[in-house]
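Q: Could you have a look at this structure, given as structure tokens, before my questions?
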Amino acid sequence: YSYALLAQYVGLSFWICLPFAGVMAAFAGILLGFPVLRLRGDYLAIVTLGFGEMIRIVLLNWYKFTGGPNGITGIPRPSFFGLPFTAVPAEGTHSFHTFISLVYPIEFSPTHRVFFLYYVILALAMVTNVFTLRIRRLPIGRAWEALREDEIACRSLGINPTNTKLTAFAIGAGFGGLGGAFFATRQGFVSPESFSFIESAIILAIVVLGGMGSQIGVVLAAVLLIGLPEFFRELQQYRMVAFGAAMIAIMLWRPAGLLAHREPTLRLKENP
């Protein structure tokens, strides 16, 4: 919604709106973090899911600003270094396929933009993964791991739980904002129906079933929980039944997650 509203009312391009979307989402994460600092575990998940439902209701009823249930349409598409993915470019300009045709002849295809977005989001996912691996070795990353394992021990070591939690909320929400901007430009349309409770529940299930703190486990859980229902799409009304049965099977088979084992980021070396 940050990207869609900035593009609609201010006329900014995708590449300019992308960092703004991350910053606004991070700010929203900080606002959410303050009232839930004393919560942990299931209670924290319940409050965050409730906050997401509140936002959906606001988007649904603030018709003049967000378009209400009609959503926002006409979201501009990103360009390839200023080259739009259009069949007929403006006079005196080039589009993506006409510029490439100067070197190698190709015809216009609407899949060019889809492939471009795929590689951009893939690059962002790789950057996010590298950033996560690197930040885990920094003091703030080690504080996150310690806080996850035992908050009381963190307090005894002098770690400030308030600042540690707020940074986690802000950075996590910021990456969510970047992903949301890609979602908006890929769909070309956003509405409150895209952010229902079931979407939040699926995301939470992906994290839990993948294994808390395991990046590869979360990737495997995402492929499983998002891709598995597509195999049962022909079952129509029984598709979600198959989805629920698969989740129960995973919880019985791997109650701690697909890849629950995690090693500490740093280990103390033995003194020879």
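Q: Among the residues of the stretch 44-55, is there at least one that is in a helix (DSSP H, G or I), in contact (Cβ under 8 Å) with a residue 12 or more places away in the chain and of a type in the set (Phe, Trp, Tyr)?
A: Yes, because at least one residue in the stretch 44-55 is in a helix (DSSP H, G or I), in contact (Cβ under 8 Å) with a residue 12 or more places away in the chain and of a type in the set (Phe, Trp, Tyr).
Q: Moving on. Which of the residues that make up the stretch 134-149 are without any contact (Cβ under 8 Å) to a residue 24 or more places away in the chain and open to solvent by 50 Å² or more (accessible area, probe 1.4 Å)?
A: 134, 138, 139, 149
Q: Moving on to the next point. What pairs come up if the first residue lies in the stretch 201-222 and is closer than 18 Å to residue 248 by Cβ, the second is open to solvent by 60 Å² or more (accessible area, probe 1.4 Å) and modelled with pLDDT of 80 or more, and their beta carbons are under 7 Å apart, counting only those six or more places apart or on different chains?
A: Final answer for the pair search is 210/220.
Q: Among the residues that make up the stretch 173-194, is at least one of them more than 30 Å from residue 70 (Cα to Cα), crowded, with 18+ Cβ neighbours inside 10 Å and either modelled with pLDDT of 85 or more or touching a strand residue (DSSP E or B) at 6+ places or on another chain (Cβ under 8 Å) (or both)? Let's see the steps before the verdict.
A: As a first pass, look at the stretch 173-194 and keep what is more than 30 Å from residue 70 (Cα to Cα): none.
No; the residues of the stretch 173-194 include none that is more than 30 Å from residue 70 (Cα to Cα), crowded, with 18+ Cβ neighbours inside 10 Å and either modelled with pLDDT of 85 or more or touching a strand residue (DSSP E or B) at 6+ places or on another chain (Cβ under 8 Å) (or both).
Q: Quick check, is residue 35 in a helix (DSSP H, G or I) and over 21 Å from residue 163 (Cα atoms)?
A: On the way: in a helix (DSSP H, G or I): yes; over 21 Å from residue 163 (Cα atoms): no.
No.
Q: Another question, if that's okay. Output the number of the condition that residue 58 fails; it satisfies all remaining conditions of (1) closer than 23 Å to residue 168 by Cα; (2) open to solvent by 40 Å² or more (accessible area, probe 1.4 Å); (3) at pLDDT 85 or above.
A: (1)
Q: Another question, if that's okay. Checking residue 27 against (1) open to solvent by less than 60 Å² (accessible area, probe 1.4 Å); (2) more than 18 Å from residue 185 (Cβ to Cβ), which single condition isn't satisfied?
A: (1)
Q: Within the group 184, 125, which residue is touching a residue at least 40 places away in the same chain (Cβ under 8 Å) and hydrophobic (A, V, I, L, M, F, W, C)?
A: Numbers: 125 fails: touching a residue at least 40 places away in the same chain (Cβ under 8 Å).
So the residue among 184, 125 that is touching a residue at least 40 places away in the same chain (Cβ under 8 Å) and hydrophobic (A, V, I, L, M, F, W, C) is 184.
The values are calculated or read from the model by the stated rules, or taken from the named source; none is laboratory data. Note that this is a predicted model, so its numbers are computed, not measured. Glycine gets a Cβ as well: all are built from the backbone with ideal geometry, and neighbour counts include every protein chain shown. Note: accessible area is taken over every heavy atom of the protein model, side chains too, but ligands, DNA and RNA are not part of it. Shrake-Rupley method; radii C 1.70, N 1.55, O 1.52, S 1.80 Å.
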